[in-house]
Amino acid sequence: MNNRKRLTEEAADWYLTLRDAADDAPTHERFAAWLRRSPQHVAEYLAIAQLHGDLRAATAMDATARDALRELAANEPSVVPLHAASERRELPASRRGGRRTALRVGAIAATVVLAASVAFLAAWPGTKAPPVRYTADGGDIRTVTLPDDTRLQLAPGSAVDVAFDDRSRRIALLKGNASFDIGKDERRPMTVEAGNQRIEDIGTVFNVSRGADAMEVSVVNGHVAVFDAALPWLDRARLRLAGDGSRPRRIVELACGDSATISPDGKLVSRGHVEATTAAWLPEELRFHDETVAEVARRFNAYTPRPLTIEDPKLAAKRISGVFHAQDAAAFVSYLGSLPGVAVIHDAEHIRFVAARDGKRL
């Protein structure tokens, strides 16, 4: 058995033992001794606690309150004073060597626990502004454009929480159905969470339906990967403590036209390829008045497997009005292609609109 697998099994055993012996002091002493042996033990125990959604168990590694540990870490200039303090007391010469060795071992163990606690607290999410909640009430679909140019469409009765910071973008689908057209930001990855699952994408359009018994994902264009949800602070803690921020389990990968149903416990219930990936609750007609071509094209991208890309700045800024059937992107493509100075390029994955060279179509 490799060392990592053995540590994982030991951490799982401790989790189950502590759950059944919450008030057993000798058990907690043995558990503390196991933690002191290596920061990797702390990291593995944290991972097991998070896997079971038991954040209270994660704090069982030390009886000291998190705030007290935070204060201790802030006031501790280095681990050297711990080591030095253990040798400060004078002992008879006959006992000094053995006693000093014991104290040094104790100091090292204390240093390990302190270092693990500091890493744990440094990774723990600090006080941040609460996420912004968007809801669609009544019988209307709500469209929200976020600061990173991500475009959300929420079905009636749906709700999402949006939390952006300097390093990440996170959207949590709390209930209902939503369509996501993700804005590009290479510095900050985007994740969409629905219950116990997390969806990662690379600049794509996909739909998510969160029900009581399952989550459904369908990809309109691009591709996504669905994972077991993992708390970002836990990955940072494992990286600090054990040197590897292991990724959560990948459930399924979906490409354009793929759909999947996933149970709350992360089991892939079904997977298929559908011709119409458009969410049934999205409107069948696109009505627009004095909107830019770029915005109208993006609205069509919630329906078409080949996204429309407006590469000509003049065309993108042009304002138009009209009504199109949402599933008939070809009619809109023909309309734009009929405009003077516009060329249409059909690639395998995109339909591109560029400026015609010398007034001629490409």
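The values are calculated or read from the model by the stated rules, or taken from the named source; none is laboratory data. Computed from a predicted model, the values in this text were never measured in an experiment. Ideal geometry is used to build each Cβ from the backbone, glycine not excepted, and the neighbour counts take in all protein chains shown. Ligands, DNA and RNA are stripped out before the accessible areas are found, and what is left, the full protein with its side chains, is counted by its heavy atoms. Shrake-Rupley method; radii C 1.70, N 1.55, O 1.52, S 1.80 Å.
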Odd one out for G106 among (1) modelled with pLDDT of 85 or more; (2) open to solvent by less than 50 Å² (accessible area, probe 1.4 Å):
(1)
If the requirement is being under 30 Å from R306 (Cβ atoms), of a type in the set (D, E) and either open to solvent by 10 Å² or more (accessible area, probe 1.4 Å) or modelled with pLDDT of 85 or more (or both), which of these qualifies: D201, D244, D235, D228?
D201
Pick from the stretch 173-189 the residues that are open to solvent by 10 Å² or more (accessible area, probe 1.4 Å) and not in a loop (DSSP other than H, G, I, E, B): which of them is nearest to L308 (Cα to Cα)?
D181
Residue hits (the stretch 340-362; part of a loop (DSSP other than H, G, I, E, B) and either aromatic (F, W, Y) or touching a Gly at 6+ places or on another chain (Cβ under 9 Å) (or both)) are P340, G341, E349, A356, G359, R361
Are any residues in the stretch 295-320 over 21 Å from N207 (Cα atoms) and among the small types (G, A, S), and if so, which ones?
A316, A317
Flag for D213 being touching a residue at least 12 places away in the same chain (Cβ under 8 Å), surrounded by fewer than 22 Cβ atoms within 10 Å (Cβ to Cβ) and more than 16 Å from the chain's Cα centre (by Cα):
yes
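Name the residues in the stretch 292-339 that are part of a helix (DSSP H, G or I), open to solvent by 50 Å² or more (accessible area, probe 1.4 Å) and without any contact (Cβ under 8 Å) to a residue 24 or more places away in the chain, would you? Before you say what the answer is, go through the steps one by one.
Here is the first cut: in the stretch 292-339, the ones part of a helix (DSSP H, G or I) are 293-300, 313-317, 329-337.
Add one more test, that the residue is open to solvent by 50 Å² or more (accessible area, probe 1.4 Å), and what stays is 295, 313-314, 317, 330, 334-335.
Result: E295, P313, A330, S334, Y335.
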Name the single residue that is least open to solvent (accessible area, probe 1.4 Å) among those in the stretch 133-145 being closer than 18 Å to T191 by Cα and in contact with a Lys or Arg (Cβ under 8 Å, 6 or more places away or on another chain).
V144
Residue check, V252 open to solvent by 70 Å² or more (accessible area, probe 1.4 Å), in a strand (DSSP E or B), at pLDDT 90 or above and not basic (K, R)
no
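Restricting to the stretch 340-350, give me the number of residues that are within 16 Å of E311 (Cα to Cα) and open to solvent by 80 Å² or more (accessible area, probe 1.4 Å). So that I can check it myself, show each step before the final result.
From the stretch 340-350, those within 16 Å of E311 (Cα to Cα) are 340-347, 349-350; that's our starting set.
From what's left, open to solvent by 80 Å² or more (accessible area, probe 1.4 Å): 340, 346, 349.
Total meeting the criteria: 3.
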